[in-house]
1. Can you tell me which residue is most open to solvent (accessible area, probe 1.4 Å) among those in segment 70-108 that are within 15 Å of the chain's Cα centre (by Cα) and charged (D, E, K, R)?
2. Among the residues of segment 46-61, are any polar (S, T, N, Q), modelled with pLDDT of 90 or more and either within 24 Å of Thr138 (Cα to Cα) or open to solvent by 60 Å² or more (accessible area, probe 1.4 Å) (or both)?
3. If only one of Leu73, Leu28, Leu67, Leu18 is modelled with pLDDT of 95 or more and more than 21 Å from Val135 (Cβ to Cβ), which one is it?
4. Counting just the residues of segment 109-134 that are part of a helix (DSSP H, G or I) and surrounded by fewer than 19 Cβ atoms within 10 Å (Cβ to Cβ), which one comes out farthest from the chain's Cα centre (by Cα)?
5. Do any residues in segment 114-143 that are closer than 12 Å to Ile60 by Cβ and touching a residue at least 40 places away in the same chain (Cβ under 8 Å) have Cβ atoms under 8 Å from those of residues that are of a type in the set (A, V, I, L, M) and open to solvent by 60 Å² or more (accessible area, probe 1.4 Å), where the two are at least six apart or on different chains, and which pairs are they?
6. Does Ala2 satisfy the criteria of being open to solvent by less than 70 Å² (accessible area, probe 1.4 Å) and in a helix (DSSP H, G or I)?
7. Going by the conditions given, is Arg92 farther than 17 Å from Leu8 by Cβ and part of a strand (DSSP E or B)?
8. Considering segment 14-28 alone, what residues qualify as being in contact with a helix residue (DSSP H, G or I) (Cβ under 9 Å, 6 or more places away or on another chain) and open to solvent by 60 Å² or more (accessible area, probe 1.4 Å)?
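The values are calculated or read from the model by the stated rules, or taken from the named source; none is laboratory data. Bear in mind that the values here come from a model prediction, so they are computed numbers and not experimental data. Methodologically, a virtual Cβ is constructed for each residue, glycine included, from the backbone with ideal geometry; neighbour enumeration extends over all protein chains shown. These accessible areas exclude ligands, DNA and RNA; they are computed on the full protein's heavy atoms, side chains included. Shrake-Rupley method; radii C 1.70, N 1.55, O 1.52, S 1.80 Å.
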Amino acid sequence: MALYEETLTKGAFQLIMLLPIVAMFSGLYATYRAGEGFWIMLATTLAVSVLLLDVMVIRIEIDDRELRIRGLLGLVVRKTVKIENIEAFEVREGWMSCYGAIHFTLPGKACVVIRQRRGWSVSFTTNNPEEVAGVLSTLGVPRGA
C-alpha cells in the first residue's frame, strides 16, 4: 500500500507534447498516400509517440519498501529506489533547483534530491514537498543539509 502518491503534469506541456505526435501521424498518412516509406515512418511514429506520451506525466509513489518514479506509460521514465538504499534526502524550493544525476522534472513547487548509498543521486519535482519529506522521515530516511 502506498504511503504517498502524486501525479505531476501540466496542461500546456501536454499540449506542446501532443503537437509532434499529431505531426508524426500526418507524416505517416502522407507516406501511406505516397506509397513509399510507410513502414519506416510507422515505426518512427510509434517510437516517438511512446516516448513523448511517457514524458508527459510523472507519477511518484512511496511505500514502506521503495520510492517509484514513473512516466505515463512507465516504459522510458522509470526509476525505483529502495528505501534502505537512501542515504539522505533534501527538499529545495523551485522545480529547477535540483541537480540529481538522474533528474525527473516538470513544473512544480519544489524538488527533492535523493542521495543513494549505492548508485547515482535521483531528483524529482513535486507539488507537495513537505508531504514527501514527512513520509521519508517517517520511514527513517535522514534529511540532508
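1. So the residue we want is Arg78.
2. Here is the first cut: in segment 46-61, the residues polar (S, T, N, Q) are 49.
Narrowing further to those that are modelled with pLDDT of 90 or more: 49.
Okay, now just the ones that are also either within 24 Å of Thr138 (Cα to Cα) or open to solvent by 60 Å² or more (accessible area, probe 1.4 Å) (or both), so none.
Looking through segment 46-61, none of the residues is polar (S, T, N, Q), modelled with pLDDT of 90 or more and either within 24 Å of Thr138 (Cα to Cα) or open to solvent by 60 Å² or more (accessible area, probe 1.4 Å) (or both).
3. Testing whether each residue is modelled with pLDDT of 95 or more and more than 21 Å from Val135 (Cβ to Cβ) leaves just Leu28.
4. Restricting to residues being part of a helix (DSSP H, G or I) and surrounded by fewer than 19 Cβ atoms within 10 Å (Cβ to Cβ), the top hit is Gly134.
5. Correct list of pairs: Val122/Ala101; Val135/Leu3.
6. Values: open to solvent by less than 70 Å² (accessible area, probe 1.4 Å): yes; in a helix (DSSP H, G or I): no.
No, not satisfied.
7. No: the conditions fail for Arg92.
8. The answer is Leu18, Phe25.
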